[in-house]
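In what follows, a single structure is set out as structure tokens and then discussed.
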Amino acid sequence: MPPVALVLVLIAAVLHAGWNVLLKTSGDPLRTAVRLQAIGTAVLVPLGVVAWFSLGRPPLDPVGVGLALLSGVLEAAYFVFLSAAYGRGDLSLVYPLARGSAPLLSVLIGIGLLGERLGLPAGVGVVCILTGILLVARPWRAIRVAGRHHRGAIGFALATGATIAAYSTVDRVGVRILEPWLYGSLLAVFATVILATAVAVGRRAGIIATRPPAARPTPLWRDGVAGVLSLTAYLLILFAYSLAPLAAVAPLRESGIVLAAAWGA
């Protein structure tokens, strides 16, 4: 992996753990997810538009736009599943399971579906990271000791991991078609609109549970910080995908598991 990609992924891991802490400790994780996504998009998209005009308005490849739309759907599902998991279980249970199951799937997809190849040092590194993730997450122990309530958290956490692996695969292809900053801007808009619509319709129809108002609602500035951290972290990952294989980036970005598990404990 190029050193630049390594630095980008490690910074993204720290930022990712940070905004997940803010999401988990909010009164309504799903409502907070909509707000942080909207605020982050409002910050990122104008910068993307300025960059697009300054570079002479390069054409938007329809395939790249389609992949950004598909990733937006998967990102919206990710936030719904993650918020449901946080509403049912602790951060130190949900975060390692969600983020720990994703890199294993991503490595299998990267090597089996995308035809990526890792050298011996990179392969050894990936195996060590995956082993460390499993030792921190200990999914076998969580499933064994969890009660009925926490089993719901485990199910949603694993569903979150599956969506992470899915949108990571889509994004790995997308950033090879469009510039990462442009792809990220489109993805942010699609994910925000789809997530806000799904939550509004789902709660009105009773498909998504509505939480009672928190005694102390989460301040808007806090959601703004979480939104900027979230999209900054993912933009860094998109740049890393344009430089390195999915099978190498996906496991390394989950090093934030250690931080989140420690904070939760």
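A compact table of results
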read-out	value
Matching option when the condition is in contact (Cβ under 8 Å) with a residue 40 or more places away in the chain, more than 18 Å from LEU195 (Cα to Cα) and among the small types (Gly, Ala, Ser), among GLY48, GLY40	GLY48
Residue satisfying condition, being modelled with pLDDT under 85 and out of contact with any His (no Cβ under 6 Å at 6 or more places or on another chain), within set ARG216, ARG172	ARG216
Residues (open to solvent by less than 40 Å² (accessible area, probe 1.4 Å), closer than 16 Å to VAL80 by Cα and part of a helix (DSSP H, G or I)) located in segment 26-53	PRO29, LEU30, THR32, ALA33, VAL34, LEU36, GLN37
Close pairs (6 angstrom Cβ cut-off, 6 or more residues apart or separate chains): on the phi > 0 side of the Ramachandran plot in segment 105-127, open to solvent by 30 Å² or more (accessible area, probe 1.4 Å) and part of a helix (DSSP H, G or I) anywhere	none
Residue in segment 203-218 that is in contact (Cβ under 8 Å) with a residue 12 or more places away in the chain, part of a helix (DSSP H, G or I) and surrounded by fewer than 20 Cβ atoms within 10 Å (Cβ to Cβ) present	no
Residue in segment 9-25 that is out of contact with any His (no Cβ under 6 Å at 6 or more places or on another chain) and assigned to a loop (DSSP other than H, G, I, E, B) present	yes
Residue check for LEU108: modelled with pLDDT of 75 or more and open to solvent by 70 Å² or more (accessible area, probe 1.4 Å)	yes
Matching residues, segment 1-29, being of a type in the set (A, V, I, L, M, F, W, C) and in contact with a Lys or Arg (Cβ under 8 Å, 6 or more places away or on another chain)	VAL9, ALA12, ALA13, LEU22
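The values are calculated or read from the model by the stated rules, or taken from the named source; none is laboratory data. Here the structure is a predicted model, which means the values were calculated and not measured. Glycine also receives a Cβ, built like all others from the backbone with ideal geometry; neighbour counts cover every protein chain displayed. Please note that ligands, DNA and RNA were not included when accessible areas were found on the heavy atoms of the full protein model with its side chains. Shrake-Rupley method; radii C 1.70, N 1.55, O 1.52, S 1.80 Å.
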